[in-house]
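I have placed the structure first, in the form of structure tokens, so that the comments after it can refer back to it.
Only the coordinates and a few stated rules stand behind these numbers; no lab work does. Owing to the predicted nature of the structure, the values given are computational and were not obtained by experimental measurement. Cβ placement follows ideal geometry from the backbone for every residue including glycine, while neighbour counts extend to all protein chains displayed.
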Amino acid sequence: MQSNITYSTFFEICLLLSVALPLASFIVSFAISEKYSWAVSITAPLLLLVSALSSSVVFFSLHDDQPFSIAWNWFVISGHPLTAGLLLNNLSATMLLVVTFISFLIHFYSIGYMAGDSSIRKYFAMLGLFTFSMLMIVLADNLLLLFVGWELVGFSSYMLIGHWKEKPAAARAAKKAFILNRIGDAGFLVGLMLLWTHQGSFALNQIGLTDAMAAWQTAASLCIFCGVVGKSAQFPLLTWLPDAMEGPTPVSALIHAATMVAAGVYLVIRTFALFTPIALDVVAVVGIITALIGAFAALGQYDIKKILAYSTISQLGLMVTALGAGASDAAFLHLFTHAFFKACLFLAAGAVIHALHHAQLQAHAHFDVQDVRNLGGLRKKLPVVFIVFILSGSSLAGLPFFSGFLSKDAILTALISWAGADFSWQWLVVGGAFTVTFLTVLYTFKMIWYIFFGSEKKTSELSISAPPAVMQVPLFTLALASLWIMVSWNPFVHTRWMNPAMEHSWSVTLFSIVWVIMALATAYFSREKSFYADVLFNAFYVDRLTDWMTKKIGLKVPAITITLDKKWIDGFIHATAYVQVLIAHVTGWIDRAFVDGTVNGMASFVRGVGSVTRTFQNGKIQLYIFWSIFTIIIFLIWTLL
Amino acid sequence: MHHYLISFLIFSPLVAAFVGLLIPAKSESSFRYLTLIANAFQITVLFFMLGSYENASALQFVEQQSWITIGLGTWGTLKATYFVGVDGLSFPLIILSVFIMCIATISSWTVKQNVKGYFILLLILNASIIGSFTALDFLLFYLFFEFMLLPMFFLIAIWGGPRREYASIKFFLYTLLGSIFILIVMIGLYVSVHDPSSSGTLVHTFNLLHMSEPVNFISNSILDPNNPWQIGPYNGRLWAFLLLFIGFAIKLPMVPLHTWLPDAHVEASTPISVILAALLLKIGGYGLARIAYPIFPEAALYFGWFVGLMGVISIIYGALNAMASKDLKRLIAYSSVSHMGFVLLGIASLTAEGVTGSVYQMFSHGIISAMLFLLAGVLYDRTHDRMINTYSGLSSKMKSYTTMVLIAFFASLGLPGFSGFIAEIMVFLGAFRSNSATGVLPESFAIISTLGLILGAAYYLWTLQRMFFGPFNIKGHISEDQIFDLTKREYIMLVPLAAATLCFGIFPQPMLSVIDPFARHLTEFVLTTGKNLTLNL
């Protein structure tokens, strides 16, 4: 175990607690017997609370101070020791705080949301495992350990999407999420192999120390980016995320909005030194394509959670674009703000769904509570949720005085300075990014309009009760975290808390204010208009394409190989067996006809001769005399001639 | 005491089998306990071995007794010895065998038909498996290797499923074909190698260690490295390597020599499937690393890419067939083919991490496949139906069973935290580095093999979705009360296996430090010796 000694033991204990308690929550949740399963909804949030508190200690004692690292020997690969270690710097400490804090809030919220669920133990256990593995991604000091966490979040995400396992759609969505992630992970794995071969180490602090322009680095960084494409739902592996909405809403908030999907962006920042200029260009293009697809598709959806899911895809695309432009600070800032407001939006949506669902059960009414067309005018019945939704939605839309405005501003500033003065393909990316911000405002406020304004539709008959306090506390906390104050004192300058060295330009800020107001006006005037189109609803048919391909490849090819097995390989073996039996028959016949024939022939010959000679000695004296005279005559003839 | 530990391991089941012969067939439970006692004794012996095993490349617990010595006049002397020992290759497999045989005994508890014969065959099988993993004399190895076939054949042919005769004969003939190839090479080696310790007289030996030293080859014998004599395109040694490779590849099994495996598995009863998948397949990989590679290093280098290619093909092809399988047991059998492909790929890479990963994969697959086949057996015991389409939503009726299946499936598809991940990642790293380190395999092999990971996720998760999730429903004539959760006996078998795969996945170092010296020694030996020997092409 090696560590530097500038930090106190208290700091180390807090670090240990913040990482280990989520794992403890996983184990405790399984250890508690079925009978006392209610106890889980006390222990799990409590453990996460302690974890979040200790991680805030870690964050505040480390911030703007020296990086901290601690490592244990894990195993040795042919003489190269591999460590399991934690590497804390500003970036990972911030992420640690975000993950534990939001995870705690989600745990807390889940007490209310998941109350009465039959497999509550499994639910909290998997949330604990997820948080632990996410922290592994955040803190790991080498890429192999990070990959372990990477796969484990995939597993916990699989379990949580498929939480309501009786629902066939949930099981299907869980499978799809895991497999699409695996496709990306296979690429990630190749990246690890490249690193191993060329660098002989997975340590994060060794990355990029060698010749920065080597071709293998381009290959390795693009391979790692494959993993990012899977986990952060980038084009073309984005289709699992909307389907993942089959899981419980708090899960969508934690995993499929705030943390896991952002892990891809985090990974790129963590390994940024590896990315060569060519690789970064690819990253930027993939990012902007994703952002555009997500934003347009969000416009064509009617399911609250689907709208939010596509919006997440689009925002992630924006972060990835910023990464491609080399602005990892801006990308991380957006990741940070997005984590809060998107979690808040999901929880608010969950509160709506929860409240309506309960009201529905009481009134025995049946309609799809997630379909925004069935909702409307809910601001009177659910005022708390309405306020929260407006706050976090404004942050998503990037209105001034909200954190989303500042982080988007950071990205746009960085993109413009990246594109340079002359017109090049990079300006297309910038144009795309502005389109995305415009569309974001549009779909966010259309959604808010649908749910909270206008007249009540199918909900008018229902008596809806406000969400319980355990759900309100996280909602308000996160809504407050969507304000500009999270980033900076000055609501128009983003370069304060996170990274003072970031670029800021007033002209971009002013332009984006005007741009957002235009978008807001468009949203208001088009509030009654539907943007529904088949192509948007199906997200440009990426889903159908991948489905068609997996059906073709996934079912046809195995069918071919199994017939190959049965028909050709086994056929060949059966044929040889048959030929052998045939030959055996032939040799058997030869045996009988020739070999036995010869033997039998000999026997019958001997028998024939015998039967002839037997007649010589039949006891008649006359015959004996005849034969002896005959012999003498022959003998005489013989000697005389 | 330490000098006889391996003999204790090999002969205790034989002694038990002999005792069993004297017990009347009526007292059925005494055979079960007898076998269990033998297993318990073996486990005790194993703990003694664990206590004094040192992590080094040298052979340990070596026993060498003269066995057969026949003077053949001008042809020299035939000498075979009882020569056993363990090293980093065999020790993990010995540990695996001892525990898996014990679990197989527990799993056989419900056997009703001809109990005496069954358990005596099981004991004989036990002895011959341990024997083949420890023998260091080719004749002794071959004896144990062949001896394994006999009990296995009867265990499938008598206690198997409806098509047991077809499956057992197929298994027998396939393996026998491989044995003949191995026999040919053994005779060739016997003729070509002399014992360096006996000066003056010519002593032909079966000692595997002598065979791996090129200086011990009699000049101008068939397999002498300097013999320019050729058969077709290759010289005798390259042919010998190929014959050994095919012989062991049948056992492994490698595509396209694998078709006996799904049939044998489907027809064999649960404990026999467990032994087959967890232990017998490993003899293929073991034989390559113990016999083919060290004795014919230059051929190993020459055919390395071919061995690797067949590994890649096995990985992909096995996974594709698993996807198309409708029978749960057949699916698991094909996944075994896919996973054993990693063993080939790892050995072929000739890098330390590749070979380590390959041995680790054998060990880990032993644990995981045992678990998978036990789980398939649990369902079959209840309903006598293994078809995936028969079931849906089982998780609501069999909670603990579903948990175990989840663990086994995810362990098998290589989720980190389980032993399979460590093995596969090391094989991948080794196979990829092979090109720059040893030049045996191109990088593309490792890259294409990652497809196996995706397919692995696909067929396991698809199976989970079809059988365990969704609303509960069973087709056919199965009544609902036939479906019940795990029994205590099933827990006793499954929980240790689950714990083991988890333990070796999180803390791989103890087992890796057993394997690592062997892997380094083998790769170094094959590379240096192989490059020194000239290829006569």
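Loop-located chymotrypsin sites (Phe, Trp or Tyr not before Pro) in the range A:529-617 (DSSP state other than H, G, I, E, B) with a sparse environment of at most 12 neighbouring Cβ atoms within 10 Å: A:Tyr532.
Check each of the chymotrypsin sites (Phe, Trp or Tyr not before Pro) in the range A:385-484 and keep only those in coil by DSSP with at most 10 other C-beta atoms within 10 angstrom; list them in order.
Numbers: sites: A:Phe386, A:Phe389, A:Phe401, A:Phe402, A:Phe405, A:Trp418, A:Phe423, A:Trp425, A:Trp427, A:Phe434, A:Phe438, A:Tyr443, A:Phe445, A:Trp449, A:Tyr450, A:Phe452, A:Phe453, A:Phe476, A:Trp484; in loops: A:Phe401, A:Phe423, A:Phe453.
Sites meeting the loop and neighbour criteria: A:Phe423.
Note on the range B:303-537: Cα-only Rg and Dmax are 19.7, 69 Å.
Dipole orientation for chain B: of the candidates B:Ile250, B:Asn235, B:Asn321, B:Asn321 has the Cα lying most toward the positive pole (charges on Cβ; Lys, Arg +1; Asp, Glu -1).
May I ask for the distance between the Cα centers of the range B:302-341 and the range A:79-157, given as a whole number of Å? Centre-to-centre (Cα) distance: 34 Å.
With a Förster radius of 25 Å, plug the Cβ-Cβ distance of B:His3 and B:Ser198 into 1/(1 + (r/R0)^6) and report the FRET value to the nearest 0.05.
Computed FRET efficiency for B:His3 and B:Ser198: 0.60.
3J(HN,Hα) along the range B:223-229, derived from phi through the Karplus expression 6.51 cos²θ - 1.76 cosθ + 1.60 where θ = phi - 60°, amounts to 9, 5, x, 8, 6, x, 4 Hz, with x in place of Gly and Pro.
Among residues other than A:Trp627 whose Cβ falls under 15 Å from its Cβ, what is the net charge (Lys/Arg +1, Asp/Glu -1)? Each step should come with its number before you reach the end.
Working: positive: A:Arg614, A:Lys620; negative: none.
Summing Lys and Arg as +1 and Asp and Glu as -1 gives +2.
Using just its DSSP H runs of length 4 or more, each adding -39500 (n - 2.57), chain A gives a mean residue ellipticity at 222 nm of -23000 deg cm²/dmol after division by all residues.
Say R0 is 60 Å: what FRET efficiency, to the nearest 0.05, do A:Phe572 and B:Ser52 get from their beta-carbon distance? Display every interim value, and only then the final one.
Details: r = 50 Å, r/R0 = 0.84.
The pair A:Phe572/B:Ser52 has a calculated efficiency of 0.75.
Under the convention that each Lys and Arg Cβ holds +1 and each Asp and Glu Cβ holds -1, the size of the dipole of the protein assembly as shown around its Cα centre is about 2840 debye.
Would you kindly calculate the mean projected area, averaged across all directions, of the convex hull enclosing the Cα atoms of chain A, in square nanometres?
Working: hull surface 218.4 nm².
The orientation-averaged projected area of the Cα hull of chain A comes to 54.6 nm².
The label-point distance for B:Trp305 and A:Ala521, in a model that sets each label 7 Å from Cα toward Cβ, rounds to 6.8 nm.
Nearest 5 is fine: what % of DSSP beta bridges in the protein assembly as shown come out antiparallel, could you say?
Details: 33 of 36 bridges.
Given both bridge residues lie in the protein assembly as shown, the antiparallel proportion sits at roughly 90 percent.
Return the inverse of the average 1/r over all pairs of distinct C-alpha atoms in the protein assembly as shown, which is the Kirkwood hydrodynamic radius, in Å to one decimal. Show your work: numbers first, answer last.
On the way: mean 1/r = 0.0301 Å⁻¹.
Value: 33.2 Å, from the Cα pair sum.
Of B:His194, B:His384, A:His338, the sequence from fewest to most neighbouring Cβ atoms within 10 angstrom is B:His384, B:His194, A:His338. Selection among A:Ile485, A:Trp196, A:Ser103 by position relative to the dipole of the protein assembly as shown gives A:Ser103 as farthest towards the positive end (Cβ unit charges, Cα centre).
Less than 5 angstrom separates the built amide H of B:Asn207 from those of B:Phe138, all sequence-distant by 5 or more or on a different chain. Multiplying each eigenvalue of the alpha-carbon gyration tensor of the range A:23-131 by 5 and taking the square root yields semi-axes of 31, 20, 9 Å, largest first, rounded to whole angstroms.
How much mean residue ellipticity at 222 nm does chain B get from its helices, if each DSSP H run of length 4 or more adds -39500 (n - 2.57) and you divide by all residues, to the nearest 500 deg cm²/dmol? If you can, show how the numbers build up before the last one.
Details: 20 runs with 355 residues, N = 537.
When only DSSP H runs of four or more count, the value is -22500 deg cm²/dmol.
Size check on the range A:503-632: the Cα extents along the three principal axes, sorted descending, read 150, 39, 16 Å. Among A:Met95, A:Met136, sorting on how many other beta-carbon atoms sit within 10 Å of each Cβ, with the fewest leading, yields A:Met136, A:Met95.
Extending 7 Å from the Cα toward the beta-carbon at both A:Val76 and A:Leu480 defines two label points whose distance is 5.3 nm.
For chain B, the Kirkwood radius over C-alpha pairs fed into Stokes-Einstein at 10 °C and 1.306 mPa s yields D = 67 µm² per second. The simple spin-label model puts a point 7 Å past each Cα toward its Cβ; for B:Thr403 and A:Ser505 those points are separated by 5.9 nm. Only residues of the range A:84-125 count here: report those whose backbone N is under 17 Å from the spot 7 Å along Cα→Cβ of A:Glu12, or say none. Those under the cut-off are A:84-88. Farthest toward the positive end of the dipole of the protein assembly as shown, out of A:Ile583, A:Ala363, A:Met260, is the Cα of A:Ala363, where the dipole comes from beta carbon charges about the Cα centre.
Once the Kirkwood radius over Cα pairs is known for the range A:130-288, the Stokes-Einstein relation at 37 °C and 0.692 mPa s delivers a diffusion coefficient of 209 µm²/s.
Tell me, which longest segment in chain B has none of the trypsin sites (Lys or Arg not before Pro) that fall in DSSP loops with at most 12 further Cβ atoms within 10 Å? Kindly include the intermediate steps, with their values, before the conclusion.
Details: sites that count: B:Lys26, B:Lys112, B:Arg163, B:Lys326, B:Lys475.
With a cap of 12 other Cβ atoms within 10 Å, the longest stretch comes to B:164-325.
Geometric descriptor of the range B:130-254, per residue, is 112 Å³ (volume of the convex hull of the Cα atoms). The ranking of B:Glu54, B:Glu490, A:Glu456, A:Glu246 by Cβ neighbour count inside 10 Å, starting from the fewest, reads B:Glu54, A:Glu456, B:Glu490, A:Glu246. If only the Cβ of Lys and Arg carry +1 and only the Cβ of Asp and Glu carry -1, the dipole of the range A:212-314 around its Cα centre is close to 140 debye. Charging the Cβ of each Asp and Glu at -1 and of each Lys and Arg at +1, and nothing else, the dipole of the range B:303-537 about its Cα centre rounds to 300 debye.
Starting from the Cα of A:Val579, move 7 Å in the Cα-to-Cβ direction to define the label point; list residues of the range B:198-236 whose amide nitrogen is under 16 Å from there. Output list for this probe position: empty.
Using the membrane-span-like helix rule (whole DSSP H runs, Cα extent along the own axis of at least 24 Å, mean Kyte-Doolittle hydropathy at least 0.5), which helices of chain B qualify? Within chain B the helices that satisfy the rule are B:5-22, B:28-52, B:90-107, B:115-134, B:138-159, B:164-192, B:304-324, B:328-349, B:352-383, B:419-437, B:443-467, B:488-506. Please give the FRET efficiency for A:His63 paired with A:Ile513, using the beta carbon to beta carbon distance and R0 = 22 Å, rounded to the nearest 0.05. With a Förster radius of 22 Å, E is 0.15.
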